[in-house]
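Participant: Starting off with a structure, shown below.
Laboratory data are not the source of any read-out in this text; all were calculated from the coordinates shown. Model, not experiment: these values are computed from the prediction. We place every Cβ from the backbone using ideal geometry, glycine too, and count neighbours over all the protein chains shown.
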Amino acid sequence: MISVAVCDDEKAIREYLKAAVLDCLADLDLDGRVTEFDDGEPLCAAYENGSADFDMLLLDITMKRCDGLSAAKKIRAYDRDVMIVFIIASAEYVFSGYEVRAFRYILKPELAHGFAGVFRECVAELTKANEVRYSFRTAAGTVSLPVRDILYFESDRRKVTVRCVSGKEFCFYAKLDAVQEELKHRDFVRCHQSYLVNAKKILSVRSGELELDGGAVLPVSKHRAKETNEAFLWAMR
């Protein structure tokens, strides 16, 4: 879920940006929400009262009351990481945002053909910053994998094999119960005593088995079938 605040005192620009954000999120197959503000003051107030929870701010830099730059300076006192993109009327404002670590600028006359590219850059940066990884020690050293690249874990006594989307495999020593506990909030499901599966990679669940991206078919034990089905449906949301 990507949460975006659009702050501009021109209603037409706010509506355009909101629609553009939602279109880009749909194209990227991402969930998100957009909150509109017509001035920097209510946006700052949201940070002051603790109700703000945004990943990205699209700020008009020249609003009449509390402009985007002034708002950004106040917001940085509460959130050092939120991504700030200034919407500017002319290039003269480009250097104004260095002190608040603005990520990008978009000229209003260039919104129609420039917004999607900038937004994709922002999403790529957010995804990179928020990427969840799973780390373990092998005989060759420590391995750290993005969770989204893992298909499943297979256990044989205390030896665990992790199989990846790329086809790579790694082996390490651990209890599968411990791996499951570490990944309990990451859409992994124990479909069988010996298998822990990334539910986001499941293509289908049938009687006694499931199929993963890439064609791998794994067993689903009878007493884990309900949990596996629920995890599969939840991951598809």
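Participant: Amide H of ILE88: which non-local residues (sequence gap of 5 or more, or other chain) have their own amide H closer than 5 Å, using H built in the peptide plane?
Facilitator: Excluding prolines and chain starts, which carry no amide H, the hits are ILE106, LEU107, LYS108.
Participant: Place +1 on the Cβ of every Lys and Arg and -1 on the Cβ of every Asp and Glu in the chain, take the dipole about the Cα centre, and give the residue among ALA231, ASN49, ALA216 whose Cα lies farthest towards its positive end.
Facilitator: Of the listed residues, the answer is ALA216.
Participant: Something else about it: With the dipole of the chain worked out from charges on the C-beta (+1 for Lys and Arg, -1 for Asp and Glu) around the Cα centre, which of ALA112, PHE86, ILE202 lies farthest toward the positive end?
Facilitator: Sorting the options by dipole projection puts first ILE202.
Participant: Suppose the chain between LYS184 and TYR78 were pulled fully straight at 0.36 nm per residue; how much longer would it get relative to their current alpha carbon spacing? Walk me through the numbers before you get to the answer.
Facilitator: Working: separation 106, 0.36 × 106 = 38.16 nm, distance 3.04 nm.
My answer for the length gained is 35.1 nm.
Participant: Please figure out what share of the DSSP beta bridges in the chain is antiparallel and state it in percent, rounded to the nearest 5.
Facilitator: Looking only at bridges with both residues in the chain, the antiparallel portion is about 60 percent.
Participant: Quick one: which residues, 5+ away or cross-chain, put their amide H under 5 Å from the amide H of PHE170? H built at 1.01 Å from N.
Facilitator: VAL162
Participant: Can you compute the charge dipole magnitude of the chain about its Cα centre, using +1 on each Lys and Arg Cβ and -1 on each Asp and Glu Cβ, nothing else charged? Give it in debye, rounded to the nearest 20. Display every interim value, and only then the final one.
Facilitator: Working: 34 positive and 38 negative charges, 265 e Å.
In total the dipole reaches around 1280 debye.
Participant: Next question, about the same structure. Be a star and scan segment 1-28 for residues whose amide nitrogen sits under 13 Å from the point 7 Å along the Cα-to-Cβ vector of LYS64.
Facilitator: 9-11
Participant: Run the numbers on the chain and let me know its relative contact order in percent, using alpha-carbon pairs under 8 Å that are six or more apart.
Facilitator: Values: 380 pairs, mean separation 24.9, N = 237.
Computed value for the chain: 11 percent relative contact order.
Participant: What does the charge dipole of segment 133-235 about its Cα centre add up to, to the nearest 20 debye, if the Cβ of each Lys and Arg holds +1 and the Cβ of each Asp and Glu holds -1?
Facilitator: Once rounded to the nearest 20, the dipole reads 200 debye.
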